[in-house]
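Below is one structure, written out as structure tokens, with a few remarks after it.
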Amino acid sequence: MSTKVGYFWTPHGAEHSLDAPRLRNAVEQAARDLGKEPDLVFLHNPEHSLRDPDRRARDALAHACAALEEATAKGMCGAWGVASWDPSPLSGLVDSGAPRPSVLMVRAGLLVGVRTLVAADALAVAWDLHDNMLWGMSPFGGSTNASVWDRVDPRIFLRDSDGASRVQAVFRASYHVPQVRAVAVGTDEPAHLSELVSALACEVDERAIREYRKLLSSRQLVQPA
């Protein structure tokens, strides 16, 4: 069981904060709300408060990570991680002595831009995280009904696509763009979830994935600054 902390409700709406005491209180509140200590707590979108690559931003990230490290050590959660929608600002803010998350979760899938993919790889290197410590999210770019999946057949990324649906192909390929161990999806539709679980039996054509990433990189190089 996992949850996220980082956004807080105020009379003026939600606000993001990396304040260490607020994060620790949020972890405690999550345990009360869930009725048990969560197995994993994510620091949610830290980049939202870290747009300036200066010493203050480095310290803010380090202190936020230390707060979750302390919460884990005190048994308030089983482990902690970082969930980042846009990891681009983060890799340059990681100090070698800062606490290291157990999991990094980033956007994954065929609709993720090369800038995000490169940034996710750089952040994993900065924190010295292995592939089995990386998770993906939003594999469909928002919806399985997006028109792009009608125009493009993602089954070209499977070695044997017989019997596989386009949704299954998109989901299975998302484990390789970037390379992640797990992919988080919604669980409110049991039939959809069952279809995705079945997709794990499909074998990905890694050569096609490599070619796809090369194409993304080439497109980035020719775009105007």
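The single condition among (1) charged (D, E, K, R); (2) in a loop (DSSP other than H, G, I, E, B); (3) modelled with pLDDT of 90 or more that Asp95 does not meet is (3).
Quick grid of which residues meet (1) of a type in the set (Ser, Thr, Tyr); (2) under 23 Å from Arg24 (Cα atoms); (3) part of a helix (DSSP H, G or I):
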site	(1), (2), (3)
Met105	no, yes, no
Ala119	no, no, yes
Ala146	no, no, no
Arg155	no, no, yes
Ser161	yes, no, no
Ala164	no, no, no
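All conditions in (1) farther than 23 Å from Thr116 by Cα; (2) hydrophobic (A, V, I, L, M, F, W, C); (3) touching a helix residue (DSSP H, G or I) at 6+ places or on another chain (Cβ under 7 Å); (4) modelled with pLDDT under 90 hold for Ala199, with the sole exception of (4).
In the set (1) surrounded by 14 or more Cβ atoms within 10 Å (Cβ to Cβ); (2) charged (D, E, K, R); (3) more than 27 Å from Ala108 (Cα to Cα), Glu47 fails one condition alone, (3). Being surrounded by 12 or more Cβ atoms within 10 Å (Cβ to Cβ), among the basic types (Lys, Arg), in contact with a Cys (Cβ under 9 Å, 6 or more places away or on another chain) and within 30 Å of Met1 (Cα to Cα) is the requirement here; does Arg172 meet it? Yes, satisfied. For the stretch 193-207, enumerate the residues that are surrounded by 15 or more Cβ atoms within 10 Å (Cβ to Cβ) and farther than 10 Å from Gln168 by Cα. Once the filter is applied, which keeps residues that are surrounded by 15 or more Cβ atoms within 10 Å (Cβ to Cβ) and farther than 10 Å from Gln168 by Cα, the stretch 193-207 yields Val204, Asp205. Mind listing just one residue for me: the one in the stretch 1-38 that is over 28 Å from Val185 (Cβ atoms) and of a type in the set (S, T, N, Q) and, of those, modelled with the highest pLDDT? Out of the qualifying residues, it is Asn25. Considering the stretch 50-103, the residues that are of a type in the set (Ser, Thr, Tyr) and under 21 Å from Met137 (Cα atoms) include one that is least open to solvent (accessible area, probe 1.4 Å), namely Ser84.
Might you let me know whether the stretch 37-59 holds any residue that is closer than 30 Å to Leu216 by Cα, touching a Phe, Trp or Tyr at 6+ places or on another chain (Cβ under 9 Å) and among the aliphatic types (A, V, I, L, M)? Within the stretch 37-59, one or more residues are closer than 30 Å to Leu216 by Cα, touching a Phe, Trp or Tyr at 6+ places or on another chain (Cβ under 9 Å) and among the aliphatic types (A, V, I, L, M). Could you tell me whether the stretch 132-142 includes any residue that is in a helix (DSSP H, G or I) and under 30 Å from Arg58 (Cβ atoms)? Yes; the residues of the stretch 132-142 include at least one that is in a helix (DSSP H, G or I) and under 30 Å from Arg58 (Cβ atoms). Among the conditions (1) surrounded by 13 or more Cβ atoms within 10 Å (Cβ to Cβ); (2) assigned to a helix (DSSP H, G or I), the only one that Leu215 does not satisfy is (1). Taking the conditions exactly as written (open to solvent by less than 20 Å² (accessible area, probe 1.4 Å), at pLDDT 90 or above and more than 22 Å from Ser49 (Cβ to Cβ)), does Gly109 satisfy them or not? So Gly109 fits the description; yes. Restricting attention to the stretch 88-96, does a residue exist that is within 16 Å of Ala182 (Cα to Cα) and under 18 Å from the mean Cα position of the chain (by Cα)? No, the stretch 88-96 contains no residue that is within 16 Å of Ala182 (Cα to Cα) and under 18 Å from the mean Cα position of the chain (by Cα). If the condition is being under 14 Å from the mean Cα position of the chain (by Cα), buried (at least 18 other Cβ atoms within 10 Å of the Cβ) and under 16 Å from Val94 (Cβ atoms), then the stretch 114-131 contributes Val118, Ala119, Ala120, Leu123, Ala124, Leu129. Within the stretch 60-76, none of the residues are under 18 Å from Val125 (Cα atoms) and in contact (Cβ under 8 Å) with a residue 60 or more places away in the chain.
The set of residues from the stretch 143-197 being within 14 Å of the chain's Cα centre (by Cα) and among the β-branched types (Val, Ile, Thr) comprises Val177, Val180, Val183, Val185.
The values are calculated or read from the model by the stated rules, or taken from the named source; none is laboratory data. From a predicted model like this one, the values you see are computed outputs, not experimental measurements. In this analysis, Cβ positions are derived from the backbone assuming ideal geometry, glycine residues included, and neighbour counts consider all displayed protein chains. Only protein heavy atoms, including side chains, enter the accessible area calculation; ligands, DNA and RNA are left aside. Shrake-Rupley method; radii C 1.70, N 1.55, O 1.52, S 1.80 Å.
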